[in-house]
Structure formats: C-alpha cells, structure tokens
Amino acid sequence: AFFTPVPSTLPTSLYSATETTSGVQRNGNFAKLAGGYLFPEIARRRNAFLEKNPDANIISLGIGDTTQPIPPNILKGLLDGVGKLGAKETYSGYGAEQGMAPLREQISKVLYDGLISPDEVFVSDGAKCDIQRLQNMFGSQVRSAVQDPSYPVYVDTSVMMGQTGELNEATKQYDNISYMECNAENGFFPDLENSVRADVVYLCSPNNPTGVAATKEQLENAVRICKERGSILVFDAAYAPFIRTPGVPKSIFEIEGAKDCAIEVNSFSKYAGFTGVRLGWTVVPSSLKFKDGTPVKQDFNRVMTTSFNGASNIVQAGGMACLSPEGMKEITELIDYYLENAKILSDTFTKMGYDVYGGTDAPYIFVGLKGASSWDTFSDILEKAEVVTIPGAGFGPGGEGYLRLSAFAPRESVVEACERLKKVFS
Ligand SMILES: Cc1ncc(COP(=O)(O)O)c(CN[C@@H](CCC[C@H](N)C(=O)O)C(=O)O)c1O
C-alpha cells in the first residue's frame, strides 16, 4: 500500500466526521471573504435577469473580456505550436517552469527594450494567477496596500493568505489592509506620502477599474516612497499596451530605481485576445531582496518550480508570434479598435452630462454617478437597457458612486448600447 491506512481502532470522534461532513477544519481565512468573487457575481445577476426575461437581448459592457478574433499571424503562431507536437523531431514535453528561453528573451527585448534581462522574466498562464503566486511567496505576515477601488484579486488573495483580519462591515474594509483612496479629487492616484506604510503595495496602471494611467512623476514618487519605506511595489501593467498618451510609462521599470523595489505582472490577455488562451508573465528583478537579503527572485522561482508546470508550449508559441513585427502590428490594430469603442462610450456619457474618467489609455471608462448608488445603477441599466456594466463598489468601497464600462464588446454592440443608454438616462 502507498500509505498506512488509518487504524480502524481509532475513535471516529477524533475526526468529528458525520454522514454529511468531513472531519477537516475549514481554512478560517475563507470565512472572512465577503460573498463571492466579483465577476461570477456579475455573471450570476446577468443570468438571473435572462432567466426572468428570456427574450432579452443583453449587451455586455461588464467583464473585461475580449471579443475580437485572434488575428492571422498570431493565430498561425498558435497553430505552428500545435503542429510541432505532431512530429518526433519537434515534439516537446514539460518545459522550463520559468518559460521558454526564446520567449523570455523576446519579452525582454521587444516589450522592455532590454530594461530587464530574460532571466528576470517568468512566463505564466496569466497575471491573475501570478498575483496568487506572489501572495503564496509573501505569506501571511505582510501588510498589503491597495488602491481603492482596485481589481479585487489583490484584496481577496490577501484575505485568503491570512494577511488580514475580518471585514469591517461599516467601512467594507478588511483589517490590516491599507486602502489608498483614488477618486476624482486626486486624479485616481493615491497619496502614498500620507498613506500608512505597507510591506507590499499594489499599483495598477493603466488602472482597472478607473481607466486612468499614472504619470511618470506619480510613478517616480511611488518608487521613491517604496524605496524609503522598504516596501515592495507590485505593479500590474496588464493594460500597458493601451497607453497612447505620450510620456506615460508602460512599465514601472522605466522609472529610475524601480529594480530595487518593484515587481511587474503583465499579460497577453487584453490585447492579443488571449483571455482564454492564458499567457502572462511576471518580472522579478535580480536586485530585489527581502529584509534578510534573500533575493525575491529566488523564492518566486521556488513557487514557480514547485507549484507550476510552465505555460503551455502551444500558447508560448503564440506569444512568440505576438512579439513578431507582424504580431505587434495586429495587436496595435486590436487595441485601436477597443480604444475607439471606449471613445464612443465616453462621448455618450459626457454628452449626457456625466463626469467620465479613463478610456484614453485603457479599455475602461469610469462614470461618476452624481451620488447615485453603483449597484442600484447597475440594476437599473440592466433592467431598462439590457446592458451589463460593473458597479464601482464591486472594486472596493472607494468605487461607490461610480460605474465601470468596458470597451471590449463588438463595435455594433457598443453603438447599440449607447443608443439604449441615451434613452434610459436622458
Ligand atoms: C488589472 C488586471 N490584472 C489582471 C487581470 C487578469 O489577467 P490575466 O487574464 O489573468 O492575465 C485583469 C482582468 N480583469 C478583467 C477580467 C475579469 C474577469 C476575469 N475572470 C478575472 O477574474 O480576471 C476585468 O476587470 O474585467 C485585470 O483587470
């Protein structure tokens, strides 16, 4: 036998098992999580509406999921990756957990212009997945700081890792997380100088949900403060290729000194149509060290080699095609398509007299609701216009009073949604 069976003489009460439960103690951190993860909740409400109104013609401006097909050169890369598996000479099995060397080199060269080296690039199955892996590496004894509102994964994984106390029902904030306010008054970028010190600071730019991209000066300030405080900055650049405003940094490593305090997570999801294909990467600079002097890269490498078997070889072939000159051109065309959608949405709400943020360097616009509740507005729009959006409050208490609309729907759906919204709101 592979294991020593539990001696039948042991009292079953030791395991306090019953007919309907196991005898295993639940991880108490999961009990702290308030409700379900945001995006399945949005899908649940959409499906519940559809069940009640089976003839509804719902348009989704909610979950930021790409809708345009993968362009020919990138698709050919994926197909070539599949083809290679069919011949003995080109077949490959388990690859390096850090990613294929040619892809790590191309990411370093094409996307970072050599600012970081290939051995600092860890290829993965996506930015969301790497955020959890980074949390596994940081463990439970760190204090995290997040922008408020922000992509919910930073907070939820901090809770799951046991870094936090309970959710404060009054403030909707977890104890031991620093919520750094982002609002219209501060240009949706936190006042780090006056925020409580945290060990790990999560910044996302271009930002989800606000769609606002941080300026070089704001990021220089963030790097300076993190270095002074000995904090590690986790910079989520999943939307960087959407940046069109000159001078706005696409990577934190464009900032002097960032290699001594920052990690960058990134992804092919949003601009290569890879949300379902699954390909991302994380840059951990060799110079970044924990308090005891251990290179952070050493521990992240341990997480990757122990808990991940590498991104799919097929998908990594697709990644190589993305980074070819033809692939980069196709990506630019996809991004231009989505940014045009964002402009149509932004103009529509501006003409209706709303304050609109984001949308020029990101595929999200963030609409100020003039004091209206974001969940009520979400429900109102779903009921009256059959359009799915995402309430700002879903991204944290700081998002209350705002609504996020994503620009990923097909053009004709975006135009149709705007016509419906004009009827509902004007
Ligand atoms: C700031 C940021 N970082 C990472 C990701 C996910 O990247 P990945 O695809 O894992 O490489 C996202 C994707 N967010 C979208 C998709 C959400 C719904 C998806 N099921 C999810 O949970 O990520 C959204 O906010 O609508 C993001 O905004």
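The values are calculated or read from the model by the stated rules, or taken from the named source; none is laboratory data. The structure displayed is predicted, hence computed values, not measured ones. We place every Cβ from the backbone using ideal geometry, glycine too, and count neighbours over all the protein chains shown. Calculation scope for accessible area: heavy atoms of the full protein, side chains included, ligands and nucleic acids excluded. Shrake-Rupley method; radii C 1.70, N 1.55, O 1.52, S 1.80 Å.
Using 0.36 nm per residue of separation minus the Cα-Cα distance, give me the extension gain between Glu333 and Lys227 in nm, one decimal. Mind showing how you got there, number by number?
Numbers: separation 106, 0.36 × 106 = 38.16 nm, distance 3.77 nm.
Between Glu333 and Lys227, full extension yields 34.4 nm more.
Can you tell me the relative contact order of the range 264-320? Whole percent, Cα pairs under 8 Å, sequence separation 6 or more.
Numbers: 47 pairs, mean separation 15.9, N = 57.
28 percent.
Would you calculate a helix-derived [θ] at 222 nm for the chain, using -39,500 (n - 2.57) for each DSSP H run of n ≥ 4 and dividing by the full residue count, to the nearest 500?
For the chain, the value works out to -11000 deg cm²/dmol.
Take Asn136 and Lys88, extend 7 Å from each Cα along the Cα→Cβ direction, and tell me the distance between the two endpoints in nm.
A separation of 3.7 nm, rounded to one decimal place.
Rounded to a whole number, what % of the accessible area of the chain do carbon and sulfur atoms account for, probe 1.4 Å?
Numbers: 10440 of 19280 Å².
Carbon with sulfur: 54 percent of the solvent-accessible area.
Work out, step by step, the length gained on full extension between Lys216 and Trp375: first 0.36 nm times the residue separation, then minus their alpha carbon distance; give nm to one decimal. Working shown, then result.
Numbers: separation 159, 0.36 × 159 = 57.24 nm, distance 3.37 nm.
Going from the current span to full extension adds 53.9 nm.
Tell me, what HN-Hα J-couplings in whole Hz come from the Karplus equation 6.51 cos²θ - 1.76 cosθ + 1.60 at θ = phi - 60° for each residue of the range 122-133, using x for Gly and Pro?
10, 6, 9, 9, x, 5, 4, 5, 6, 4, 5, 5
Counting other Cβ atoms within 10 Å, keep those with at most 15, restrict to DSSP loop, and tell me which GluC sites (Glu not before Pro) in the range 80-170 are left.
Details: sites: Glu89, Glu97, Glu105, Glu120, Glu166, Glu169; in loops: Glu89, Glu97, Glu166, Glu169.
For GluC sites (Glu not before Pro) across the range 80-170 that sit outside H, G, I, E and B with at most 15 neighbouring Cβ atoms in 10 Å, the list reads Glu89, Glu166, Glu169.
Might you tell me the accessible area per residue for the range 124-221, computed with a 1.4 Å probe and given in Å²?
Values: 3500 Å² over 98 residues.
Computed with neighbouring chains in place, this is 36 Å² per residue.
Do any cysteines of the chain lack a neighbour Cys whose Cβ is under 4.7 Å away, and which are they?
Within the chain, the cysteines lacking a partner Cβ under 4.7 Å are Cys129, Cys182, Cys204, Cys322, Cys418.
Restricting the count to DSSP beta bridges whose residues both fall in the chain, what percent are antiparallel, rounded to a multiple of 5? Before the final figure, lay out each step's value.
Numbers: 21 of 40 bridges.
That works out to approximately 50 percent antiparallel.
Heavy-atom accessible area of Trp375 with all protein chains present, probe 1.4 Å, nearest 10 Å²?
Around 60 Å² of this residue is reachable by solvent.
For the range 342-426, what is the accessible area per residue in Å² when the probe is 1.4 Å? Before the final figure, lay out each step's value.
Values: 3090 Å² over 85 residues.
Using a 1.4 Å probe on heavy atoms only, each residue of the range 342-426 averages 36 Å².
Consider all pairwise Cα distances in the chain and report the whole-number % of them above 28 Å.
52
Based on alpha-carbon centroids, what's the gap between the range 327-342 and the range 371-404 in Å, whole number please?
So the separation of the two Cα centres works out to 27 Å.
For the range 249-323, what is the per residue volume of the convex hull drawn over the alpha-carbon atoms, in cubic angstrom? Can you show the working numbers first?
Working: hull volume 7.9 nm³, N = 75.
Given the Cα convex hull of the range 249-323, per-residue volume reads 106 Å³.
Ignoring ligands, DNA and RNA, how do Tyr91, Tyr174 rank by accessible area with a 1.4 Å probe, largest first?
Details: Tyr91 135, Tyr174 15 Å².
Listed by decreasing accessible area, they come as Tyr91, Tyr174.
How far apart, in nanometres, would the label points at Asp260 and Lys291 be if each is projected 7 angstrom from Cα along the Cα-to-Cβ direction?
About 1.9 nm, to one decimal.
Run the quick spin-label model on Ser307 and Arg197: label points 7 Å from Cα toward the beta carbon, then report their separation in nm to one decimal.
2.7
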